[in-house]
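The next block holds one structure in the form of structure tokens; read it before the comments.
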2 protein chains.
Amino acid sequence: MSGFRHVVLYRWAEGTTIGQQEEVAARLREVAGTIPEVRGFSAGLDAGVSPGAYEFVVVADFAGKDGYLAYRDHPAHRAVVEEFIAPIAAERAAIQYET
Amino acid sequence: MSGFRHVVLYRWAEGTTIGQQEEVAARLREVAGTIPEVRGFSAGLDAGVSPGAYEFVVVADFAGKDGYLAYRDHPAHRAVVEEFIAPIAAERAAIQYET
């Protein structure tokens, strides 16, 4: 089934705890579950296999670009970004692509 | 179904063509199709929605970490990395996580 995928990786500010990262993952999962345009969603912490890896990842699937934009701009999503992600984000790598 | 996911984003050297990127995607898909540990695979070029986005992404799914390591170290995969990716890669952002 073709679709549109959003991928974002984060590195966090020094001193960011596992608990804070798990809070981000939980909040994002909660928000994703309330946005009907989100067709698939996963968020997780780095498994520790590769030196130099980023620390946190979100992969979200949509039927198309419009679904992604609805998620990106949804007030509940923006609130999580502003309250939980922005204060600890140090580096961000993102891409969207057709699947 | 729980599993293990590998995500990697690239920025390419200046002057890298769409054709070169599509060649990388095609070679990686071909290799992924021959490695039984690969449970899911997609590779694609940035859709152009977000300024500052990376240019290329690979998302590969496995049953567990060992499946990922088999893919990572597979000679056919290493050959694509060395012949098609390394010569044009400028920046790489990667993570592995449990799904």
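The values are calculated or read from the model by the stated rules, or taken from the named source; none is laboratory data. Since this is a predicted model, take the numbers as computed values, not measurements. Glycine gets a Cβ as well: all are built from the backbone with ideal geometry, and neighbour counts include every protein chain shown. When the accessible area is computed, the model is the full protein with side chains, heavy atoms only, and any ligands, DNA or RNA have been set aside. Shrake-Rupley method; radii C 1.70, N 1.55, O 1.52, S 1.80 Å.
Tabulated values for the structure
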read-out: Filter result for B:ASP66 (acidic (Asp, Glu) and within 16 Å of A:THR99 (Cα to Cα)); value: no
read-out: Hits in the stretch B:36-54 (condition: assigned to a loop (DSSP other than H, G, I, E, B) and aliphatic (A, V, I, L, M)); value: B:VAL38, B:ALA47, B:VAL49, B:ALA53
read-out: Total residues in the stretch A:24-34, condition crowded, with 17+ Cβ neighbours inside 10 Å and among the β-branched types (Val, Ile, Thr); value: 2
read-out: Residue check for A:GLU30: in a loop (DSSP other than H, G, I, E, B) and either more than 13 Å from the chain's Cα centre (by Cα) or more than 10 Å from every other protein chain (Cβ to nearest Cβ) (or both); value: no
read-out: Hits in the stretch A:1-23 - residues which are farther than 27 Å from A:GLU37 by Cβ, surrounded by fewer than 11 Cβ atoms within 10 Å (Cβ to Cβ) and not small (Gly, Ala, Ser); value: A:GLU14, A:THR17, A:ILE18
read-out: A:ALA94 vs. criteria among the hydrophobic types (A, V, I, L, M, F, W, C), assigned to a strand (DSSP E or B) and without any contact (Cβ under 8 Å) to a residue 24 or more places away in the chain; value: no
read-out: Residues within the stretch A:46-99 that are within 22 Å of B:TYR68 (Cβ to Cβ), open to solvent by less than 20 Å² (accessible area, probe 1.4 Å) and either hydroxyl-bearing (Ser, Thr, Tyr) or more than 13 Å from chain B (Cβ to nearest Cβ) (or both), tallied; value: 2
read-out: Residue check, A:PRO36 more than 8 Å from chain B (Cβ to nearest Cβ) and under 25 Å from B:MET1 (Cβ atoms); value: yes
read-out: Test: B:VAL24 is part of a strand (DSSP E or B) and within 11 Å of the chain's Cα centre (by Cα); value: no
read-out: Candidates B:GLU37, B:GLU30, filtered to the one that is at pLDDT 95 or above and farther than 20 Å from A:SER42 by Cβ; value: B:GLU30
read-out: Residue list for the stretch A:4-21, filter: assigned to a loop (DSSP other than H, G, I, E, B) and facing chain B (nearest Cβ under 10 Å); value: none
